[in-house]
Amino acid sequence: MGDDRSLGRPATVEALQVDDEELPARELKGRIGMAVAVVAFAVALLVLWQVFRPLARGSQFYLIIFLAGTLPLVFLAYRARLGGNKDRPTVLDWILATATLVVCLYPVSPLGGGYDGFLNRQGLLEPADIAFGAVLLALVVEACRRTTGLALPIVCLAFLAYGYYGGLLPQSWPIAHAGLDFSQIVDALYNSGSGFYGTPLDVAATYIVLFTIYGAVLDLSGASRFFVDLSVAAFRKSRSAAGRTAVAAGFLLGTVSGSGTATAVSVGAVTWPMLRRAGYPAEQAGGMLAAAGVGAILSPPTLGAAAFIVAEYLDVSYLTVLGWAMIPTVLYYLGILLAVEIDVRRFRVRGLDPPPVSTLRLLGRFGYHFSSLVLIVVLLALGQSATRAVVYATLLAFALSFLDRRSWLTPPRLFGALSAGVRSVLPVVAVCAAASIITATTTKTGLGAQLASLLVRGAQAVTSNPTAVLALTVILAAVALAILGLAVPVTASFIIGWVIIGPALLALGVPAPAAAMFVFYYSVLSEVTPPTALAAVGASAITGGRTIPTMWQALKYALPAFLAPIAFVLTPAGSYLLARGPFLDIVWATAAAIVGVAALAVATGGWVLGVGRAGTPSRVLAAIAGLLLLYLEPLTIGIGIALLTVAVGWAAVDCRRRPPPDDPAPAPTTADRSPLPATTDQPPADEPTATPPTPREARDETDRSAVAPSEARDETDRSAVAPSEARDETERTVSSSPVPPGAPLRSNGDRDTTHTEDRG
């Protein structure tokens, strides 16, 4: 997290530049950095002004000005290629930024006949209009390439080619259309409410940018430091403390960043030393961090950017979307916490000494940081718009910063927070503008309805049973969204998925909220879906673990999030998991889903809490039980409970039959006797005892223990000091370690898992 006094800006804001939406940005300094910050600050003031005093010329006029203020900054803040100049823009970057400013302002400038004159030419653009629109189209695609890579620009170009050459397709093909000429394409993008200035950019310019500003202010007010310290103090002597701390910190920090990858990296930077000393293998810890980070996008009160688009597309309030996300969030974190408890027993994780500051003391001193989050929900419940609610919450966070002298938001720091908030939204602006190319093309050609029809007809070709058709369509849709998410960012994945897959689900009678949340969840879960899984990549960079195994571990932790959205749409009772329906129906559906998640945890973890190791038969039965329980029909729920009971009983019988291990528990090493990682309780009786280390492993352990005292002091200090100071201490500790920078960090749990008979 970080104290801006030592780093110049908050670590969470810095981590936002490793977002799920973008590639690494330049680190602008000096006069250029100040110039970019000034422009970003001016855009922030415009955004805040628009909330209370909207521009008289209307929403599209505001979006033109907003795009003109943000899109040029992309060419200054992002390199043309990863190996390019990291510190300052090139001459080409300045040319592109200037050209972007000119073509963005053309519709409102006298050069284009003024705003009213430009609108009057809709459908009848002049050659100059077409030329400026074509240049903006090319610049939007290039800005998207700089911030996200090649995948989304290629998809955009494919849709453009389809719009232009679609008339050449055989008219007997379902996706054939009359064809669009170039002027029609430019008109749809440049002078239409469904193009560049459509819903995606509108959401970015109103909701998303305000929440990024709020996150930056909240972080600078000391909230990030408090959230991590509270997570550390909350679990104290529990052997699960390290894992629970990482999960809780991910949930709390998600309110600041709203990004899965950024949250995973931020939490990992602070909690990985704690996880390593507790005995977590690097890949296991990385998977946990990635899953906890992605949960930040799925969790109220600040969901990911796509959630605002859900509210806009369905014409509902943001509070309604928050209500839909409540039960799935509980299921998601329940699955992660159950996996954490199972891993504690499987990997013989050790407890940590409690921090010197108690939870009650932290809440009493810094608990006010929760007040701005609560204020958002209260104001939404009272009928305030989401934009005003987040602005009032930002003002409250600013005022509360003066309760802690270390976090006073003085004018320079406030300037930095507003600038950082706008700069954090630059990749989202590029993605939303590029995604508008896809939405405009599907609208003009009718492609969305045609592809949805093809999806349904493909399922009907396999079976005529309505239930089976729906199930097969849902499975095909889930696979399509997972593949789409491998190539494009979350926001674009949702937009594309909604215009193509949404109509297919609606045609089969799925309620619009269930269909939208299904597409939303599978768009978000691309963050932990191999082989890209950006959150897992970021987490593995922190832990030093192998990337692909980290991805699979993240997938294991996030499994409930993959199955719960299918439950939304397969049966009418699935809507109860979105808190839509009678209260008692919501209760029984939630209870069934909770038991289903517990069954899946047994299947993936290979352990029954309170019983012991689950063998292969028990795990297979538990997996089938979990799937049946999530179907949410009385018959399947009854069968699922019966199968789960059999699985637990089978595991209990196996544990009683299995002879106790002959090997003694591993002797404590020097590191085990250090103050921080000391074991605070004995392993349960049902837990297997690991094989003692070999002489070479013992020597390695002794070498690592040489730095344990300083590491112990570092960990103790971290709970009471600013996160930046903790990170400084961690860096000094790592620098004294014999492990070379960038090399995988070997954990004490690596030795134990080598001899564990069931890796799960």
From (1) small (G, A, S); (2) buried (at least 24 other Cβ atoms within 10 Å of the Cβ); (3) over 22 Å from T147 (Cβ atoms), pick out the condition that doesn't hold for A507. (2)
Assuming A459 fulfils every condition listed in (1) of a type in the set (G, A, S); (2) crowded, with 20+ Cβ neighbours inside 10 Å; (3) closer than 24 Å to T199 by Cα apart from one, which condition is it? (3)
Since L418 meets every condition but one in (1) farther than 20 Å from A223 by Cβ; (2) in contact with a Phe, Trp or Tyr (Cβ under 6 Å, 6 or more places away or on another chain), which condition does it not meet? (1)
Within the stretch 402-419, restricting to residues that are among the small types (G, A, S) and modelled with pLDDT of 90 or more, the one that is farthest from G198 (Cα to Cα) is G416
Please go through the stretch 431-456 and give me each residue that is of a type outside the set (G, A, S) and within 15 Å of A306 (Cβ to Cβ), ordered by number. V431, C432, I438, T439
Which one of A622, A541, A554 is farther than 23 Å from V294 by Cα and in a helix (DSSP H, G or I)? A622
Helices (runs of 4 or more DSSP H) contained entirely in the stretch 413-532, each with at least 2 residues that are closer than 27 Å to A564 by Cα, in contact (Cβ under 8 Å) with a residue 12 or more places away in the chain and under 18 Å from the mean Cα position of the chain (by Cα): 466-487, 490-507, 512-524
Any idea which residue in the stretch 125-150 is farthest from the chain's Cα centre (by Cα), counting only those that are over 18 Å from S194 (Cβ atoms) and in a loop (DSSP other than H, G, I, E, B)? E126
Wholly within the stretch 217-316, which helices (runs of 4 or more DSSP H) include no fewer than the required count, namely at least 3 residues that are modelled with pLDDT of 75 or more and under 20 Å from F347 (Cβ atoms)? 241-257, 260-278, 282-298
Residue under question is R225, and the condition is that it be closer than 30 Å to A311 by Cβ and among the charged types (D, E, K, R); does it hold? no
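Matching residues to (1) among the β-branched types (V, I, T); (2) surrounded by 20 or more Cβ atoms within 10 Å (Cβ to Cβ):
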{"residue": "A143", "(1), (2)": "no, yes"}
{"residue": "T148", "(1), (2)": "yes, yes"}
{"residue": "L152", "(1), (2)": "no, yes"}
{"residue": "C156", "(1), (2)": "no, yes"}
{"residue": "I175", "(1), (2)": "yes, no"}
{"residue": "S194", "(1), (2)": "no, no"}
{"residue": "F211", "(1), (2)": "no, yes"}
Given Q122, Q60, which one is more than 28 Å from the chain's Cα centre (by Cα) and in a loop (DSSP other than H, G, I, E, B)? Q122
Looking at R57, is it closer than 18 Å to D187 by Cβ and among the charged types (D, E, K, R)? no
Could you pull out the residue among V74, V91, V135, V102 that is loosely packed, with under 13 Cβ neighbours inside 10 Å and at pLDDT 90 or above? V91
Examine the stretch 563-585 for a residue that is under 16 Å from M326 (Cα atoms) and basic (K, R), and state whether such a residue exists. yes
Taking the residues in the stretch 545-565 that are farther than 20 Å from L331 by Cα and surrounded by 23 or more Cβ atoms within 10 Å (Cβ to Cβ) as candidates, determine which candidate is nearest to the chain's Cα centre (by Cα). M551
State yes or no: is R365 basic (K, R), surrounded by fewer than 19 Cβ atoms within 10 Å (Cβ to Cβ) and either at pLDDT below 90 or farther than 29 Å from A311 by Cβ (or both)? yes
Please list, ordered by first then second residue, the pairs with beta carbon atoms under 6 Å, 6 or more apart or interchain, first in the stretch 63-83 and within 12 Å of T147 (Cβ to Cβ) and assigned by TED's automatic domain parsing to the domain that holds R145, second of a type in the set (A, V, I, L, M, F, W, C) and not in a helix (DSSP H, G or I). A77/A25; Y78/A25
For residues that are within 13 Å of V74 (Cα to Cα) and touching a Pro at 6+ places or on another chain (Cβ under 9 Å), tally how many sit in the stretch 90-117. 6
Residues being part of a loop (DSSP other than H, G, I, E, B) and over 20 Å from V203 (Cβ atoms) - total across the stretch 378-395: 2
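The values are calculated or read from the model by the stated rules, or taken from the named source; none is laboratory data. Just so you know, these numbers come straight off a predicted model, no measurement behind them. Here Cβ is always computed from backbone atoms with ideal geometry, including for glycine, and neighbour counts include all displayed protein chains.
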